[in-house]
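The values are calculated or read from the model by the stated rules, or taken from the named source; none is laboratory data. Here the structure is a predicted model, which is why all the values come from computation and not from measurement. Here the Cβ positions follow ideal geometry from the backbone for every residue, glycine too, while neighbour counts run over all protein chains shown.
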Amino acid sequence: MRKTFAKRTVIAAVAALFMSFTAVPDAEARKVFVYGENGNELTVSTLNADGVSITPRLRYVYGYDADGNLAQKKAYRWNPSDCSWSPAYLLNYISDGNVCLIDYAEWDKQTESFSQNCQSVVHCLDMPDDLLLTEVKK
């Protein structure tokens, strides 16, 4: 009986020690990400300091072509002042076998369109390390 009590005490002490290492301090709580999927949407939130509630940060909406390949990705940022999602950027993917063209554009608040900082990148998918062939700014 004494060995069992001693063994349980040691196990409890080790468990308490491990729990003290895994406790999330307030400053670290914001570095814990929580992911939620709903159809073609992915929401990224952070854990709040209370360790229970979350704050949304980013939302991604994916679009696919008829063959099921990724064709578009829209990113939104959470606006805490009015509790809404604000458009951030858009990626369009055009793939033809081993070559993939990726168009990037940021949201322009004045024109309310994805028309700022437009860029294109060509990827060659069959090369070692997915070689980046060209970068073109529009």
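What pairs come out if I take residues in segment 41-70 that are within 23 Å of Tyr93 (Cβ to Cβ) and pair them with residues that are of a type in the set (Val, Ile, Thr) whose C-beta lies under 6 Å away, six or more apart or interchain?
Pairs found: Glu41/Val61; Leu58/Val44; Arg59/Thr43.
Hey, could you check segment 51-76 for residues that are within 15 Å of Ser86 (Cβ to Cβ) and of a type in the set (A, V, I, L, M, F, W, C) and say which is nearest to the chain's Cα centre (by Cα)?
Leu58
Among the residues of segment 108-126, are any at pLDDT 90 or above, among the aliphatic types (A, V, I, L, M) and either exposed (fewer than 13 other Cβ atoms within 10 Å of the Cβ) or outside any loop (DSSP other than H, G, I, E, B) (or both)?
No: segment 108-126 contains no residue that is at pLDDT 90 or above, among the aliphatic types (A, V, I, L, M) and either exposed (fewer than 13 other Cβ atoms within 10 Å of the Cβ) or outside any loop (DSSP other than H, G, I, E, B) (or both).
Residues are listed down the side, and each one gets a yes or a no for (1) under 23 Å from Pro80 (Cα atoms); (2) at pLDDT 90 or above; (3) of a type outside the set (S, T, N, Q):
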site: Ala23; (1), (2), (3): no, no, yes
site: Arg30; (1), (2), (3): yes, no, yes
site: Thr43; (1), (2), (3): yes, yes, no
site: Ala49; (1), (2), (3): yes, no, yes
